[in-house]
């Protein structure tokens with residue numbers, strides 16, 4: 001009798017090891033999947049948007065894996081995107097058609113929080129102006145040198161304003177375009193670009209022309225630390241902000257009378 005039970009236990013053990021659900025549990029772990037709490041659980045309700053069922057874990061619970069959002073062709077115009085898979089660890093690779101330049105990263109990777117970067121865009125980098133788009137706004141990067149006040153007036157004529165910068169992603173987009181213009185347009189020897197930030201007001205504190213709150217900033221923190229109300233020659237009276245080539249394309253304050261390029265923002269939505 002003892003020997004009979006011993007054989008049954010061994011048989012159950014072998015069955016457990018080769019059970020397809022148990023094997024998939026290991027596969028689920030390898031693909032950074034998660035097992036739902038119960039067999040009747042739904043992946044999306046268990047872990048959030050983007051989580052889908054891919055087989056089963058032990059006890060018939062759904063194995064849930066994360067997939068990044070699809071990148072349809074119309075979200076990346078004038079170029080090619082290659083996305084073999086949308087699983088965690090997969091990459092999307094972007095290339096532009098001839099004559100256009102990629103604004104943003106060439107590769108982004110899928111993580112459990114989604115793609116680890118913005119979908120880039122293809123743009124013509126040229127003068128007298130370069131036009132690019134970001135999250136519901138049109139941006140005009142002008143090659144015409146003007147004072148801060150004249151640049152402000154020029155943006156108003158276009159139906160916009162000298163750009164405000166609300167997030168790190170938006171700032172990275174602006175810097176990408178400015179860097180491309182500096183690299184590929186011979187006319188632009190130094191990439192000084194006015195933005196819509198000044199402390200020429202009653203409070204003598206930096207505020208956006210658009211009225212947006214100053215929740216994000218990218219002032220140069222080297223020497224000289226910005227803003228210091230001094231120009232590059234260390235003279236007092238600098239009250240207008242720009243993307244500054246001598247400060248690693250971070251923000252610096254300069255005399256508002258300086259002739260520089262500018263970035264206009266026009267809200268589309």
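Results, tabulated for the structure shown:
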{"quantity": "Search result, residues across the range 186-205 that are surrounded by fewer than 16 Cβ atoms within 10 Å (Cβ to Cβ) and either in contact (Cβ under 8 Å) with a residue 12 or more places away in the chain or more than 16 Å from residue 258 (Cβ to Cβ) (or both)", "calculated": "186, 187, 190, 200, 201, 202, 203, 204, 205"}
{"quantity": "Residues (assigned to a loop (DSSP other than H, G, I, E, B) and within 23 Å of the chain's Cα centre (by Cα)) located in the range 133-159", "calculated": "135, 136"}
{"quantity": "Residue ranges of strands (runs of 3 or more DSSP E) in the range 61-117 with at least 1 members outside the structural domain of residue 132 (by TED's automatic domain parsing) and farther than 21 Å from residue 134 by Cβ", "calculated": "62-66, 79-83, 91-96, 107-111"}
{"quantity": "Complete set of residues in the range 134-156 that are modelled with pLDDT under 95 and out of contact with any helix residue (DSSP H, G or I) (no Cβ under 9 Å at 6 or more places or on another chain)", "calculated": "136"}
{"quantity": "Filtered residues of the range 206-223 (kept if free of Cβ contacts under 8 Å to residues at least 24 places away in the same chain and either surrounded by 14 or more Cβ atoms within 10 Å (Cβ to Cβ) or under 18 Å from residue 258 (Cα atoms) (or both))", "calculated": "207"}
{"quantity": "Tally, over the range 225-258, of residues that are out of contact with any helix residue (DSSP H, G or I) (no Cβ under 9 Å at 6 or more places or on another chain) and part of a loop (DSSP other than H, G, I, E, B)", "calculated": "11"}
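The values are calculated or read from the model by the stated rules, or taken from the named source; none is laboratory data. The shown structure was predicted, so the numbers you read here are calculated from the model rather than taken from an experiment. We place every Cβ from the backbone using ideal geometry, glycine too, and count neighbours over all the protein chains shown.
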